[in-house]
Structures are given as C-alpha cells and as structure tokens.
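Colleague: I'd like to ask you about the structure that follows.
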2 protein chains.
Amino acid sequence: MKAEIIAVGTELLLGQIVNTNAQYISQQLALVGVDVFYHTVVGDNAKRIQQTIETARDRSDLLIFTGGLGPTMDDLTKDVLAEMLGRKMTYDEPAMAKMTEMFAGRGIHMVESNKRQAHVIDGADVLQNSTGLAVGNVLQHNGTTYVLLPGPPREMKPMLDNEAIPWLQRRQVIDQSSLYTRMLKFAGIGESGLENALLDLIEQQTDTTIATYAKEGEVLVRLAVKGTDRTEAELKLDQVEREIRTRLGLHLYATEDLPLPEVLVKQLTQYGLTLSAAESCTGGMFADTITAIPGSSHVFAGGAVTYSNEMKERILGVPHELLEGEHAPGAVSEQTAKAMVEGMQDIADTDFTVAITGVAGPDHSERKPVGLVYIAIAEKGKEVVVEELRLNGDREGIRRRTVYAIMYRLWRRLQERSVHNAM
Amino acid sequence: MKAEIIAVGTELLLGQIVNTNAQYISQQLALVGVDVFYHTVVGDNAKRIQQTIETARDRSDLLIFTGGLGPTMDDLTKDVLAEMLGRKMTYDEPAMAKMTEMFAGRGIHMVESNKRQAHVIDGADVLQNSTGLAVGNVLQHNGTTYVLLPGPPREMKPMLDNEAIPWLQRRQVIDQSSLYTRMLKFAGIGESGLENALLDLIEQQTDTTIATYAKEGEVLVRLAVKGTDRTEAELKLDQVEREIRTRLGLHLYATEDLPLPEVLVKQLTQYGLTLSAAESCTGGMFADTITAIPGSSHVFAGGAVTYSNEMKERILGVPHELLEGEHAPGAVSEQTAKAMVEGMQDIADTDFTVAITGVAGPDHSERKPVGLVYIAIAEKGKEVVVEELRLNGDREGIRRRTVYAIMYRLWRRLQERSVHNAM
C-alpha cells in the first residue's frame with residue numbers, strides 16, 4: 001500500500017498558508033500502518049490537477065486529496081476527477097438539505113454555486129462534513145482509491161478520522177495490523193525534565209517506542225507498539241505506562257490525548273464542584289480556555305477580567321492602598337492576588353476561585369519584570385494559597401503557561417481529594 | 001518559468017515535521033515574480049528521488065530542492081542527481097577547511113562521513129552555508145536549473161535569499177521583474193458574498209489578479225500585479241483598490257495583512273477611547289482576543305464573564321425577573337443583553353461597552369437554538385443598540401464569529417467618528 005497526499009490550492013503555492021494538512025494526514029496514516037510515499041501540492045488549475053492525478057496513480061495506490069471542494073469557480077478537484085473517470089456528478093441529498101436549512105436559518109439567499117459543495121461523483125461514497133458544508137468523496141477505480149477531503153483543517157480532520165479511515169478499514173483498503181499507541185499527558189513539568197526522568201527507558205526501548213513532544217503548558221509522551229493482537233499490545237503498553245507512572249505519576253493527568261482544561265472540567269463535573277476566576281494579565285484567557293469546553297457551564301460560574309486597577313477596586317473590592325501609592329505593593333503582588341481571589345470568592349461563592357496578576361510583556365510594568373506572575377487559589381474551607389511564578393517566553397506564552405499552571409494545581413487538588421475520598 | 005519545490009526527507013512523510021520550507025521558498029519566489037507550479041515531498045530513497053526528479057524536469061524549468069545534503073547515509077540528494085547527470089563529485093575546499101577548523105575548535109574527531117557535506121557536483125556552483133556545514137549546489141543541464149538547499153530552515157533561508165536568488169538573477173534564469181502585491185482585509189462579510197460583489201472584476205482580471213481567502217471572521221483579498229516598475233505597479237493596484245473600495249468600503253478595514261482586533265486596538269488608542277465587555281456565551285474570548293494584543297491595556301479596562309445567571313445578577317445587576325420565571329425573556333434575550341451592557345457600563349465607565357449573550361452549543365439552552373446570539377453596544381452619550389445574530393458553525397466558530405461581529409461593529413463606529421471629525 002503506497003499512499004500519496006495531494007493538496008490542491010494556489011494559496012499553498014504562493015506560500016500564503018503552510019501545508020499542515022499533509023502533516024496531519026501523514027501522522028494519522030502512520031498510526032494505522034499506512035506508508036506515505038509522496039506529498040504533492042498543485043494549484044487550482046484543471047490541466048495541472050489532471051496531470052498530477054495521472055502521475056500519482058502511476059506510482060501510488062491510495063490518493064488522498066485535500067482542498068478544492070468549496071463553492072467557488074476555482075474549486076476543481078471533484079470536477080477534474082469526475083471528468084477523468086468519465087463519470088457524472090449528482091447532489092448528495094442530506095448535504096443539500098443541510099445547506100438549504102442553514103441558509104434559511106440565517107435568513108440569507110443561497111448563492112447557486114454553493115450547491116457544488118454537495119457534489120458526489122457517480123459511484124463514490126459520501127463522507128459527511130460535520131463541521132462544514134462541502135462533502136467528501138471516496139471511490140475506487142482500476143485499483144486506485146481516491147479520497148477527497150476539504151481543505152480547511154477543522155473540516156478535514158474529523159472527516160479523515162471519523163469517516164475516511166474507518167471506510168478504508170471496512171473495505172480492507174488498509175489492513176488491520178495496526179500501530180497501537182497510547183498518549184500520556186503531563187503537566188507541571190517541562191519536556192527536558194520529563195525526558196531526563198525517562199532517559200534510561202528511552203535508551204533501552206525495544207518493541208515499545210517512547211517519544212516525547214512539548215506543547216505550550218503540557219508535555220506529551222507517545223508509546224507505540226506494532227502488532228495484530230490488541231490485547232497483547234495493550235499489555236506491553238500497560239507495562240511501560242506503569243513504570244512511567246511510578247516515576248512521574250504526580251504529573252500524569254491523562255492517558256489519552258486530552259487537553260488539561262478538558263480533563264479539569266470533566267473532573268470538576270464528576271465531583272459537582274464549581275469554579276470562578278479573577279484575571280488581570282491573562283485578560284480572560286483562563287475563562288476562555290475553560291468555556292471553550294462543551295459542558296463547562298455546569299462548573300464555571302464566571303469571572304472578572306480586571307485589567308485596570310479601577311476594575312480591580314470596583315468589581316473585586318481590592319483596596320486602593322494595595323494598588324497605588326509610594327509604598328503600595330502594586331497590582332502585581334502577592335497581596336493583590338490574595339485580595340483579588342477573596343473578592344471574587346465573595347461574589348461567586350464557588351468551590352474553587354482563582355486569581356491571576358502579573359506582567360505578560362512585552363513591556364515591564366510597575367518596574368516589575370516580564371514573566372513575574374502571582375496566582376492565587378481559594379478553596380472553600382481552606383486557606384488561600386498564593387504562589388509566585390517566574391515564566392519565560394513572549395506575551396502569548398506567558399499568558400498560556402500561567403493558565404496551565406493554575407489548571408495543573410487545580411487538577412492536583414482534585415487528585416488529593418480523590419485519594420482522601422478513597423481512604 | 002515554471003518552478004517546483006522538492007523537499008527530500010522521510011520525516012516529512014511521517015508527519016514528524018511540517019514543510020514550512022516550501023512556504024518560505026514560495027513566498028520568496030513570488031516576490032521575484034517566479035510562479036511555483038508544484039510542491040513535492042519524497043522520502044530518503046534513491047529510486048524515488050530519481051523518479052521525482054524525472055517527473056519534475058518534464059514539467060518544470062527550475063527545481064529547488066531542500067534536504068538530503070547532510071552527512072548521514074540517508075542524505076542522498078546530491079548523489080542521486082550527480083548519478084542521473086553522469087557527473088562526478090568533488091569537495092569544496094573552503095567548506096572542507098571550515099569544517100575541519102570547526103571540529104578541531106570543538107576538540108572532537110571529525111567522522112569521515114561529514115565530508116559529504118562539502119560535496120559539489122562537477123560543473124555546479126557552490127552556495128555557501130553561512131549558518132551550517134552543508135554547502136548548496138546550483139547547476140544548469142539541458143534547460144533545467146537545479147538548486148540544492150539544506151533542509152534546516154535556519155540554513156536554508158539565508159542560502160536562498162543571499163546566495164541562490166542572486167545567482168538566478170545574475171544568470172537571468174529569473175528575470176528582474178517582481179510581483180507587487182497588496183492585501184485588503186474585510187470583516188462583516190463572508191467569502192461568497194465578497195466574491196459575488198467582485199465577480200465581474202475577478203472574471204475580467206488581466207494584469208492585476210484578484211484572489212479571495214476566508215479566515216474565521218474575516219476575509220482577505222490579495223491583489224497582485226507583475227512588473228519591473230514599482231510606481232507603475234502601485235498605480236495599477238491603487239486603481240483596483242479604488243474600485244473595490246467603492247463597492248465594499250464599509251467592510252474594508254485594512255490594506256495590509258493585519259487582524260481586525262489589532263486594527264481596532266490601534267484605532268481606539270489613536271482616539272484615546274476605552275472599552276469594556278460583559279460576556280456570557282463567548283466566555284472571555286472577547287477579552288482574551290483584545291488583551292492578546294500588546295498595548296491593549298491602554299484601551300481595555302476589563303470586563304465580566306457572567307456565565308451563570310447568578311453572576312449576571314451579582315456583578316452586572318441584571319434583574320432576576322429577566323432571567324428566571326415562566327414569562328421571563330431569559331438569559332439569551334435582547335432585554336438581558338441590554339441589561340448586561342448597562343450594568344457593565346455603570347461599573348467600567350468606558351467610552352464603549354459591549355455585551356454578549358447567546359447559545360454557542362453544542363446543546364441548545366432555554367429552548368433557544370444553537371447560534372442565536374444577542375450583542376449589545378453602549379457608547380457614551382448614545383442609545384444602546386442590541387442586535388440579534390443567527391450564526392452557523394460549531395461552538396468555537398460561533399464564539400469566534402460573535403467576537404468578530406462585535407469588533408466589526410466597533411470598527412464601523414470609529415470610521416463614522418472619523419468621518420464626522422473630518423467634516
């Protein structure tokens with residue numbers, strides 16, 4: 001099985017966007033044991049798309065296309081392939097109905113060209129688009145399998161994972177021998193600290209491979225073992241996970257690729273606990289990150305973004321003497337963080353309340369250095385804890401690391417709670 | 001002149017890294033008027049590299065390679081090309097001397113294979129590597145120009161800009177004419193609406209090309225004209241921009257590639273105006289998006305994330321009767337949006353105050369549909385305006401479109417202000 005990923009879009013050839021789709025598809029195909037031999041990018045030009053397909057089907061068995069499924073005149077992928085295979089196109093009824101409903105709901109006229117997004121090549125199966133309008137197509141012809149996916153990553157990814165790969169497995173285009181993987185996700189520790197703690201395991205790895213990846217605020221370890229028997233593979237993964245857990249269990253917050261905010265919201269929901277936040281330098285990022293998760297309304301009451309000193313006083317009741325004056329500790333101080341969290345707790349009356357104040361940069365403030373951040377956590381029936389962080393990075397990085405630092409501490413408190421409950 | 005960019009490296013096909021080199025080279029070539037027709041990625045395999053070169057030289061005149069110039073056994077680009085052209089390789093003396101000195105300076109033994117990095121194909125010119133060890137090669141053969149660059153971006157970029165492109169210009173492989181471009185950015189209008197309004201211009205485009213691209217909440221139009229004279233090119237761009245402006249001026253918020261939030265913060269700063277926000281369904285995203293921009297502390301006082309009804313009452317003073325009860329309009333209503341914005345305005349006393357309440361999904365709430373959002377804008381000395389939006393998309397998309405919808409309306413108000421000031 002030789003796979004080739006073909007991205008269609010002049011914007012890629014002009015360098016306006018980078019071909020992250022090819023990376024994602026390559027990663028996902030590697031997980032199901034498919035070898036990718038080529039990536040190709042071609043512009044929105046019928047003749048060159050056709051030549052690209054001719055070249056690709058001579059050297060590869062599975063062609064995965066991204067892009068060119070939209071409504072405009074330069075979206076050509078389906079048209080060119082249908083023409084080459086001598087097939088007509090019809091409209092997918094469910095996709096048409098969804099589109100008509102969507103436009104009607106928004107009370108706007110549906111431009112005729114939008115229908116193109118519902119096109120299906122005769123004999124192709126439809127891949128539904130859960131996050132957009134253009135449907136995908138998958139078909140087989142003369143020993144070649146063609147998979148047509150949309151270009152926008154947020155449409156392409158779910159269609160690949162939930163529609164295309166299962167289709168290929170059902171039809172046995174790709175085989176069942178798989179790479180069994182497990183994601184271990186860590187917070188509150190950096191990539192080098194983590195790699196150091198696992199160095200001997202990484203060096204001795206035999207049939208289970210161990211790889212680390214850093215993301216902003218979290219680190220990911222990917223365990224992988226190849227095989228045909230799931231039980232056997234899972235046993236091997238269990239064994240390595242157990243060893244890693246004895247070393248780094250306090251940081252291991254998930255055994256699948258879940259972001260920390262999602263795990264936190266899930267656990268707060270399980271315990272029936274509520275949360276509120278008072279933010280200064282993170283400017284709403286904590287609240288935004290939490291509320292991005294569906295169902296967060298059950299746990300997150302809300303918060304205040306008290307960016308200016310006046311807002312800290314007016315909403316949270318932070319004493320003016322703390323904020324201004326020659327000998328005042330200032331907005332970025334342990335005292336202000338404590339006053340903020342107490343003020344927010346009074347208003348929201350939630351089980352947990354957090355407060356954040358610091359200097360995200362690029363300029364320092366109150367003569368305090370960029371990266372100095374105070375975080376405060378209040379828990380009902382417990383003393384307020386304030387912690388000073390000194391973070392590296394640019395404005396965005398400092399804000400994000402602050403948000404993750406608080407989330408990690410909240411997660412730790414929930415772990416301690418579960419240990420107490422179990423005893 | 002048809003150019004093709006060929007990246008050599010199995011790590012790309014495994015999805016371990018993303019092909020940012022292709023993007024960078026495309027951008028740089030566009031600036032010197034070279035059209036890139038294809039990107040290709042091939043693994044570290046001699047036979048497939050050879051086939052890729054055969055395909056590429058049949059369809060392109062200028063082949064730019066990245067990767068495969070390093071010291072290891074799977075760095076094959078120079079070897080394969082030399083073999084195909086029936087040429088031998090020698091060592092570049094300056095590169096050898098630099099390498100020897102470097103290893104001696106670090107007091108480590110130079111492994112023999114390192115010499116491979118100094119390889120020059122007979123008849124090729126050397127492209128020196130100012131940030132690494134592997135030299136580039138450039139040569140012409142049977143009407144095809146081959147440029148071999150290293151894979152690491154920090155080595156590839158200076159070699160392309162300072163060595164390869166000047167070489168191509170000196171040898172007149174590429175001409176002196178450049179591509180002059182202009183970005184026009186639009187908000188408050190979708191891609192298809194925009195394309196519709198410009199359809200005749202797009203269809204009639206001759207020497208100035210017009211292309212549209214959609215991003216979440218904003219649309220981008222790129223004008224491009226090829227020429228040797230900057231003044232002449234700018235005049236042509238001005239003319240097309242003027243025509244577009246008469247049709248869509250109300251949506252055109254920038255003539256360079258700036259995000260709407262940045263333009264808004266810049267303009268508020270210029271006018272010395274302040275802003276605050278009360279958010280429900282966007283959960284802090286508005287505040288987060290504004291405060292992500294350096295300098296936003298001069299204009300953004302802060303806000304409240306009143307996710308629960310209690311918080312709407314406690315922080316903003318929204319009347320209980322509006323929120324709950326059999327005949328109450330509910331949290332997602334025009335009345336609540338108005339009460340939220342008025343409550344926030346009382347606290348923050350800023351020039352502009354906005355409020356957002358709606359259903360971001362995935363589940364409906366208060367029996368109101370996903371995508372129903374009320375936005376309110378209060379401006380000092382003016383009546384509060386509340387608007388109902390019906391948005392499409394997933395939770396993230398609805399939240400983001402809401403944030404951009406408000407930012408667009410604020411931007412519009414600032415334009416009206418500037419017109420009034422000018423009169």
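Bear in mind these aren't lab numbers, they're just calculated from the coordinates by the rules spelled out. Nothing here was measured: the structure is a model prediction, and the numbers come from that model. Please note: Cβ atoms are built from the backbone with ideal geometry, for glycine as well, and neighbour counts cover all protein chains shown.
Colleague: Applying the Karplus parametrisation 6.51 cos²θ - 1.76 cosθ + 1.60 with θ = phi - 60° to the phi angles of the range B:303-315, what ³J(HN,Hα) value in whole Hz is obtained for each residue in order, glycine and proline being reported as x?
Modeller: With the stated coefficients, the range B:303-315 comes to x, 10, 9, 9, 6, 8, 4, 4, 5, 4, 6, 5, 7 Hz.
Colleague: I would also like to ask the following. Rounded to the nearest Å, what's the spacing between the alpha carbon centres of the range B:169-217 and the range A:154-178? Just the number, please.
Modeller: Here the answer is 36 Å between Cα centres.
Colleague: Then there's this: Residue-wise, which Karplus ³J(HN,Hα) couplings in Hz belong to the range A:19-28, taking 6.51 cos²θ - 1.76 cosθ + 1.60, θ = phi - 60°, and x for glycine or proline?
Modeller: These are the phi-based 3J(HN,Hα) values: 7, 5, 4, 4, 5, 4, 5, 4, 4, 5 Hz.
Colleague: Also: Taking only the alpha carbons of the range A:200-264, what extent do you get along each of the three principal axes, in Å, biggest first?
Modeller: 34, 25, 20
Colleague: In percent, what relative contact order does chain B have, based on Cα pairs under 8 Å that are 6 or more apart in sequence?
Modeller: Values: 777 pairs, mean separation 43.5, N = 423.
The normalised contact order for chain B reaches 10 percent.
Colleague: Okay, moving on. Out of residues 5 or more away from B:PHE65 or on other chains, whose amide H comes under 5 Å of its own, with H placed 1.01 Å from N in the peptide plane?
Modeller: B:ILE6, B:VAL147, B:LEU148, B:LEU149
Colleague: Quick one: Cα centre-to-centre distance for the range B:62-141 and the range B:281-305, in angstrom?
Modeller: 51
Colleague: Still on this model: Antiparallel versus total DSSP beta bridges in the protein assembly as shown: what percent is that, nearest 5?
Modeller: On the way: 99 of 153 bridges.
Here the antiparallel bridges make up roughly 65 percent for the protein assembly as shown.
Colleague: Give me the percent of DSSP beta bridges within the range A:208-334 that run antiparallel, rounded to the nearest 5. Before the final figure, lay out each step's value.
Modeller: Numbers: 7 of 12 bridges.
About 60 percent, rounded to the nearest 5.
Colleague: Further, regarding this structure: Gaussian network model of chain B, Cα springs within a sub-10 Å range: biggest mean-square fluctuation belongs to which of B:LEU31, B:LEU223, B:LEU235?
Modeller: Among B:LEU31, B:LEU223, B:LEU235, the largest mean-square fluctuation in the Gaussian network model of chain B belongs to B:LEU235.
Colleague: Taking R0 as 51 Å, what's the FRET efficiency between B:MET96 and A:THR90 from their Cβ-Cβ distance, rounded to 0.05? Before the final figure, lay out the partial values.
Modeller: Details: r = 65 Å, r/R0 = 1.27.
Here the calculated transfer efficiency is 0.20.
Colleague: Every other copy gets compared here: list the nm distances from the B:VAL111 label point (7 Å along Cα to Cβ) to its counterparts, shortest first, one decimal.
Modeller: B:VAL111 label point versus its equivalents elsewhere: 5.6 nm.
Colleague: Could you list which residues have their amide H under 5 Å from that of B:ALA304, counting only those 5 or more apart in sequence or on another chain, with H placed in the peptide plane?
Modeller: Counting only residues 5 or more places away or on other chains, the set is A:VAL305, B:ALA277, B:ALA278, B:GLU279.
Colleague: In chain A, what % of DSSP beta bridges are antiparallel (nearest 5)? Show your work: numbers first, answer last.
Modeller: Numbers: 44 of 71 bridges.
In chain A, DSSP labels about 60 percent of beta bridges as antiparallel.
Colleague: Residues of the range A:391-422 with the amide nitrogen closer than 20 Å to a label point 7 Å from the Cα of A:ARG245, along Cα-to-Cβ, please.
Modeller: Under cut-off, by backbone N: A:411-422.
Colleague: Now for a separate question. Which distances, in nm and shortest first, link the A:LYS226 label point to the same label point in every other copy, taking 7 Å along Cα→Cβ?
Modeller: So the label point of A:LYS226 gives 4.7 nm to the other copies.
Colleague: Less than 15 Å Cβ to Cβ from B:PRO94, Lys/Arg counted +1 and Asp/Glu -1: what total charge do the surrounding residues give? All intermediate terms of the calculation are to be shown ahead of the outcome.
Modeller: Details: positive: B:LYS98, B:LYS115; negative: B:ASP92, B:GLU93, B:GLU101, B:ASP125, B:GLU163.
Spelling it out: positives minus negatives among the neighbours equals -3.
Colleague: Let me ask another. Taking the number of other C-beta atoms within 10 Å as the exposure measure, put A:VAL32, A:VAL41, B:VAL221, A:VAL225 in order starting with the fewest.
Modeller: Working: A:VAL32 16, A:VAL41 29, B:VAL221 24, A:VAL225 20.
Neighbour counts put them in this order, fewest first: A:VAL32, A:VAL225, B:VAL221, A:VAL41.
Colleague: Counting Lys +1, Arg +1, Asp -1, Glu -1, what net charge surrounds A:ARG170 among other residues with beta carbon under 13 Å of its beta carbon? If you can, show how the numbers build up before the last one.
Modeller: Numbers: positive: A:ARG171; negative: A:ASP125, A:GLU163, A:ASP175.
Here the count lands on -2.
Colleague: Given just the C-alpha atoms of the range B:164-216, how large is their convex hull per residue in cubic angstrom?
Modeller: 112
Colleague: So, counting K/R as plus one and D/E as minus one, what does the shell of residues with Cβ under 12 Å around A:TRP411 add up to? Could the numbers behind the result be given before it?
Modeller: Details: positive: A:LYS185, A:LYS266, A:ARG409, A:ARG412, A:ARG413, A:ARG417; negative: A:GLU218, A:GLU262, A:GLU416.
Within the 12 Å Cβ shell, the charges total +3.
Colleague: Most mobile of A:MET73, A:MET183, A:MET344 per a Gaussian network model of chain A (Cα springs, under 10 Å)?
Modeller: Between A:MET73, A:MET183, A:MET344, it is A:MET73 that shows the largest mean-square fluctuation.
Colleague: Along Cα-to-Cβ, 7 Å out, sits the label point; list in nm, shortest first, how far the one on A:VAL384 is from those in the other copies.
Modeller: 3.1
Colleague: Using θ = phi - 60° and the Karplus curve 6.51 cos²θ - 1.76 cosθ + 1.60, what whole-Hz ³J(HN,Hα) does each residue of the range A:202-213 get, with Gly and Pro shown as x?
Modeller: With the stated coefficients, the range A:202-213 comes to 5, 6, 8, 4, 10, 7, 9, 8, 10, 10, 10, 9 Hz.
Colleague: Let me ask something else about it. At R0 = 35 Å, how high is the FRET efficiency between A:HIS141 and A:SER113 if r is their beta carbon distance? Nearest 0.05 is fine. Display every interim value, and only then the final one.
Modeller: On the way: r = 27 Å, r/R0 = 0.77.
Result of the calculation: an efficiency of 0.85.
Colleague: Can you put B:THR289, B:THR228 in order, fewest other beta carbons within 10 Å first?
Modeller: Values: B:THR289 27, B:THR228 11.
Listing B:THR289, B:THR228 from fewest to most nearby Cβ atoms yields B:THR228, B:THR289.
Colleague: Also, I was wondering about something else. FRET efficiency for A:ALA46 and A:ASP346, Cβ-Cβ distance as r, R0 = 56 Å, nearest 0.05? Let's see the in-between values first.
Modeller: Numbers: r = 66 Å, r/R0 = 1.18.
Using R0 = 56 Å, I get an efficiency of 0.25.
Colleague: Next question, about the same structure. Check the straight Cα-Cα distances from B:LYS2 and name the lysines below 27 Å, setting aside those fewer than 8 residues away within the same chain.
Modeller: A:LYS47, A:LYS78, B:LYS47, B:LYS78, B:LYS157, B:LYS226, B:LYS236
Colleague: How do B:SER333, B:SER26 rank when sorted from fewest to most other Cβ atoms within 10 Å of their own Cβ? Please list the in-between numbers first.
Modeller: Numbers: B:SER333 21, B:SER26 25.
Fewest-to-most ranking of B:SER333, B:SER26: B:SER333, B:SER26.
Colleague: From the helices alone, meaning DSSP H stretches of at least four residues, give me the mean residue ellipticity at 222 nm for the protein assembly as shown, per-run term -39500 (n - 2.57), in deg cm²/dmol to the nearest 500.
Modeller: On the way: 32 runs with 342 residues, N = 846.
Using -39500 (n - 2.57) per qualifying helix, the result is -12000 deg cm²/dmol.
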